[in-house]
Amino acid sequence: QVQLVESGGGLEQLGGSLRLSCAASGSIFGLNTMGWYRQATGKQRELVAEISSGSSTYYADSVKGRFTVSRDNAKNTVYLQMNSLKPEDTAVYYCNARVRGLVYWGKGTLITVSS
């Protein structure tokens, strides 16, 4: 079993910054891509950014140039640095990890951006 624990959510103002962290533990041999999804109220969950074990990255168009995903393989941790936050970034952010072909999710952390 794999556990993902997120931290760093909260309330921020328009234009502000937040940093999310997600630490993986448990049976994580073969930990591959890690990333972040988000789900706003009334909307489907969407991929925000992800990073492979080789550090290749993907970003949704809506966050390119504002968000940066990174990982520390020694700590089995993925980060999401979010700058220039907008109200439309308000959502529950979920950590995601792929381990030996299986997908695991964190419980989610709420980000609220006020205008």
For this session: Can you work out which of the residues in the stretch 83-105 that are closer than 16 Å to ALA24 by Cβ and among the small types (Gly, Ala, Ser) is most open to solvent (accessible area, probe 1.4 Å)?
Result: GLY101
Seminar exercise, completed: Listed by first then second residue, the pairs whose first member lies in the stretch 11-34 and is over 18 Å from LYS107 (Cα atoms) and of a type in the set (Asp, Glu), whose partner is open to solvent by less than 50 Å² (accessible area, probe 1.4 Å) and modelled with pLDDT of 95 or more, with beta carbons under 7 Å and at least 6 positions apart or on separate chains, are GLU12/LEU18; GLU12/LEU85; GLU12/VAL113
Exercise. Cβ-Cβ below 7 Å, separation at least six or inter-chain, first residue in the stretch 93-115 and within 19 Å of SER53 (Cβ to Cβ), second open to solvent by less than 100 Å² (accessible area, probe 1.4 Å) and not in a strand (DSSP E or B): which pairs?
Worked result: CYS95/GLY106; VAL99/ILE28; VAL99/GLY30; ARG100/GLY30
Seminar exercise, completed: Listed by first then second residue, the pairs whose first member lies in the stretch 49-74 and is buried (at least 16 other Cβ atoms within 10 Å of the Cβ) and modelled with pLDDT of 95 or more, whose partner is of a type outside the set (Ser, Thr, Tyr) and in a loop (DSSP other than H, G, I, E, B), with beta carbons under 8 Å and at least 6 positions apart or on separate chains, are ALA49/ALA60; ALA49/VAL63; PHE67/ASN83; THR68/ASN83
Exercise. How many residues are open to solvent by less than 80 Å² (accessible area, probe 1.4 Å) and more than 24 Å from SER114 (Cβ to Cβ) when one looks only at the stretch 23-48?
Worked result: 13
For this session: Pull up the stretch 13-71, narrow it to residues that are among the basic types (Lys, Arg) and over 11 Å from the mean Cα position of the chain (by Cα), then point me to the one that is nearest to LEU102 (Cα to Cα).
Result: ARG45
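The values are calculated or read from the model by the stated rules, or taken from the named source; none is laboratory data. This is a predicted model, so every value here is computed, not measured. Glycine gets a Cβ as well: all are built from the backbone with ideal geometry, and neighbour counts include every protein chain shown. Keep in mind that these areas ignore ligands, DNA and RNA; they rest on the heavy atoms of the full protein, side chains included. Shrake-Rupley method; radii C 1.70, N 1.55, O 1.52, S 1.80 Å.
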